[in-house]
Amino acid sequence: MTAPSRPTPPDDVKPSNFLRQVIERDLAQGTYASRTFAGTPGDAAHHAAGPLDPARIRTRFPPEPNGYLHIGHAKSICLNFGLARDYGGVCHMRFDDTNPEKEEQEYVDGILDAVKWLGFGWETPDPLNPGATRSHLYFASNYFDFMYRAAEALITAGHAYVDEQTPDQMRANRGDFNTPGTDSPFRSRTPDENLARFREMRDGLLADGAAVLRAKIDMASANINLRDPAIYRIKRATHHNTGDTWCIYPMYTYAHPIEDALENITHSICTLEFEDQRPFYDWLLDTLCTLGLTKQPRPHQYEFARLNITYIVTSKRKLKQLVDEGHVQGWDDPRLPTLVGMRRRGYTAESLQLLAERSGVSKAGGWLDYASIDIALRDDLDPKAPRACAVLDPLKLKLTNFADVFGSESHREPCHAPVHPAHPERGQRDFVLTNEVWIEREDFMEVPSKGFFRLSPPRTDAAGVAQPGSRSRLKYGYVIECTGCEKDEAGQVTAVLATLVPDTKSGTPGADAVKVKGVITWVSVATAIAAEVRLYDRLFTEAQPDAGGRDFLSVLNPLSKKIVSAYLESSLATAQPDDRFQFERHGYFVADRKDHASGHPVFNRTTTLKDTWAKV
């Protein structure tokens, strides 16, 4: 799949942020004009980045395949792929698969699908083969051989050593922000001793956890991340890509800068939590350059504030807990902020791109209100989504004079409505008015409250004056006058009775003959489609569910999902999974991508027409 085609915006309308300023400076100064291939000819790393174009920048999106992507990842995807697109560069799709215990092929496939769904790809024209494309899909595990050789080079040069302290001893000797660390008793080993021991780790002669390889930097550094960080550990686990070839695996902080260097990344963009790791990133790449293993100019890391949104959690551990404990129904539950969940709920790729753009790029953190997601969705769908009528809380309405007006109880009066009110070229949708229709239960009140303009029966007011039944318009149909209601033995209203006012049909000269304030959406009982409609809302009742160490499960919203039996307009009979509509009056809905079928329609509410959460 190729990256979406979009012209580079003119300078005067291009969104400005510090990352764009850095890129434009580097391009103007030719910072990466002298780049050459990294790696050693013949190994997997060599030519990883493909033929180099000095005028191009290279970014990367490097998820670990240990879970499904969430909305925070969407911003990173849009940022990295978007910057490469806007500056004529390349964005690499790369998996940081260095932890085999938590990584699975399922997650690899899910991540690739999510990136494609968002509208981005990793294939670019191949400059050496006109008309052909080159894939920029990479795995950290493809570089394990190089990473191992680099580790041996660090050991030989005295920059790394094998430490056999216990994890508790290492933790205690690391110190804290007020206390410098204490040298490991194994720190003074000779390079030859360390090299022999490291090879024993590689050959499986030591137990898991018995030793780690540490970079030798500075145990007194003010930055704790430079106090001899671990760069290799023993882990007997089958890897999804390399199988059982290795029993030692590189740490992420060691692998990531090497991957960037081998792929000739120019701007390594990550979130602020990695800012304290940048000094090690720089130390490692500078050291490997000195040893002749990588080339200058090397990549540089830049950090931006992550996307924090109220009423959700994005911790993979907490998302997994929600799934594993059955609080939600899988990773694609429409209440989760995972991209598979948001897609199933009905959010569009375009709306998430719009949200990412609107959230901006800066060093300053902060919180974005959940309503921003729905605003972006409405802004995207309002000009696109076809309209339809639906009744979510059905109450039957009987038109008692229907036969008198049309000559038969079985008559079907044709009615029409635009597919989209702003786009008449999209045509009309056709449906019929019959003697019985479904209306919303809230559209009828026996004793109307002040300002209620829909249906209420004749009554005597407080002053003893007889009041006629109220009049309202059946949208796209006729004006009706309420005459009463039917009830069951428990006193529950089972049907509303009304008469149809002749010559008041919408779109005819008589439509304005009778003025009414109330307009009611409806569907014919005879032609309505019975459907399961899932009304989704925010998963948590608090803006920051885990604030202050609170158990986030204690603020789960019990009303985050409600299933109703609804009736839909007949035009929805041909709706396919993932088709989106605006149900007039109710909001935006999507045909569920897994459960919807022609014989069993299932629709999910994505969002309401207006934000109602503040009122709640």
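The values are calculated or read from the model by the stated rules, or taken from the named source; none is laboratory data. Model, not experiment: these values are computed from the prediction. Using ideal geometry, Cβ is built from the backbone for each residue, glycine included, and neighbour counts are taken over all protein chains shown.
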So which of 82, 89 ends up being in the same structural domain as residue 271 (by TED's automatic domain parsing), modelled with pLDDT of 90 or more and within 19 Å of the chain's Cα centre (by Cα)? 82
Checking 420, 416 in turn, the sole residue that is closer than 16 Å to residue 569 by Cα, more than 20 Å from the chain's Cα centre (by Cα) and surrounded by 17 or more Cβ atoms within 10 Å (Cβ to Cβ) turns out to be 420
In this structure, is residue 166 over 25 Å from residue 98 (Cβ atoms), exposed (fewer than 14 other Cβ atoms within 10 Å of the Cβ) and not assigned by TED's automatic domain parsing to the domain that holds residue 288? no
Single residue of region 305-329 satisfying the filter (out of contact with any Leu (no Cβ under 8 Å at 6 or more places or on another chain) and among the small types (Gly, Ala, Ser)) that is surrounded by the fewest Cβ atoms within 10 Å (Cβ to Cβ): 326
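Where in region 404-498 are the strands (runs of 3 or more DSSP E), entirely inside, with at least 3 residues that are closer than 30 Å to residue 383 by Cβ and hydrophobic (A, V, I, L, M, F, W, C)? Talk me through it step by step, then tell me what you get.
On the way: elements: 413-418, 428-433, 436-440, 471-474, 479-487.
It comes to 428-433, 436-440.
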Flagged in region 499-550 as more than 26 Å from residue 477 (Cβ to Cβ) and in a loop (DSSP other than H, G, I, E, B), in numbering order, are 537, 538, 539, 541, 542, 543, 544, 545, 546, 550
Checklist (1) assigned to a helix (DSSP H, G or I); (2) under 30 Å from residue 59 (Cα atoms) applied to residue 249, failing item: (1)
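Results for (1) surrounded by 21 or more Cβ atoms within 10 Å (Cβ to Cβ); (2) part of a loop (DSSP other than H, G, I, E, B), shown as yes or no for each residue.
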| site | (1), (2) |
| --- | --- |
| 237 | no, yes |
| 264 | yes, yes |
| 281 | yes, no |
| 284 | yes, no |
| 294 | yes, yes |
I'd like the full set of residues that are surrounded by 15 or more Cβ atoms within 10 Å (Cβ to Cβ) and more than 21 Å from residue 251 (Cβ to Cβ), limited to region 85-110. 85, 86, 87, 89, 90, 91, 93, 110
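Assess whether residue 340 counts as being aliphatic (A, V, I, L, M), in a helix (DSSP H, G or I) and buried (at least 21 other Cβ atoms within 10 Å of the Cβ).
yes
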Residue 218: passes all of (1) without any contact (Cβ under 8 Å) to a residue 24 or more places away in the chain; (2) part of a helix (DSSP H, G or I) but (2)
Do we have residue 326 as outside the structural domain of residue 260 (by TED's automatic domain parsing), modelled with pLDDT of 95 or more and touching a strand residue (DSSP E or B) at 6+ places or on another chain (Cβ under 9 Å) here? no
Count - residues of region 220-274 that are within 25 Å of residue 304 (Cβ to Cβ), modelled with pLDDT of 95 or more and charged (D, E, K, R): 2
Of the residues in region 357-368, how many are in contact (Cβ under 8 Å) with a residue 24 or more places away in the chain and either basic (Lys, Arg) or buried (at least 22 other Cβ atoms within 10 Å of the Cβ) (or both)? 1
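With the condition kept exactly as written, say whether any residue in region 554-563 is under 31 Å from the mean Cα position of the chain (by Cα), surrounded by 15 or more Cβ atoms within 10 Å (Cβ to Cβ) and in a strand (DSSP E or B). First the steps, then the outcome.
Here is the first cut: in region 554-563, the residues under 31 Å from the mean Cα position of the chain (by Cα) are 554-563.
If we keep only those that are surrounded by 15 or more Cβ atoms within 10 Å (Cβ to Cβ) too, we end up with 555-557, 560-561.
Restricting the remaining residues to those that are in a strand (DSSP E or B) gives 556, 561.
Scanning region 554-563 turns up at least one residue that is under 31 Å from the mean Cα position of the chain (by Cα), surrounded by 15 or more Cβ atoms within 10 Å (Cβ to Cβ) and in a strand (DSSP E or B).
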How about region 437-483: which of its residues are surrounded by fewer than 17 Cβ atoms within 10 Å (Cβ to Cβ) and within 30 Å of residue 574 (Cα to Cα)? 441, 442, 475
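Quick grid of which residues meet (1) more than 12 Å from residue 228 (Cβ to Cβ); (2) in contact (Cβ under 8 Å) with a residue 12 or more places away in the chain; (3) under 40 Å from the mean Cα position of the chain (by Cα):
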{"site": "156", "(1), (2), (3)": "yes, yes, no"}
{"site": "159", "(1), (2), (3)": "no, yes, no"}
{"site": "179", "(1), (2), (3)": "yes, no, no"}
{"site": "186", "(1), (2), (3)": "no, yes, no"}
{"site": "192", "(1), (2), (3)": "yes, no, no"}
{"site": "208", "(1), (2), (3)": "yes, yes, yes"}
{"site": "211", "(1), (2), (3)": "yes, yes, yes"}
I'm checking my understanding of the structure. Among residues of region 492-547 that are among the β-branched types (Val, Ile, Thr), in contact with a helix residue (DSSP H, G or I) (Cβ under 7 Å, 6 or more places away or on another chain) and surrounded by fewer than 19 Cβ atoms within 10 Å (Cβ to Cβ), which one is farthest from residue 571 (Cα to Cα)? 541
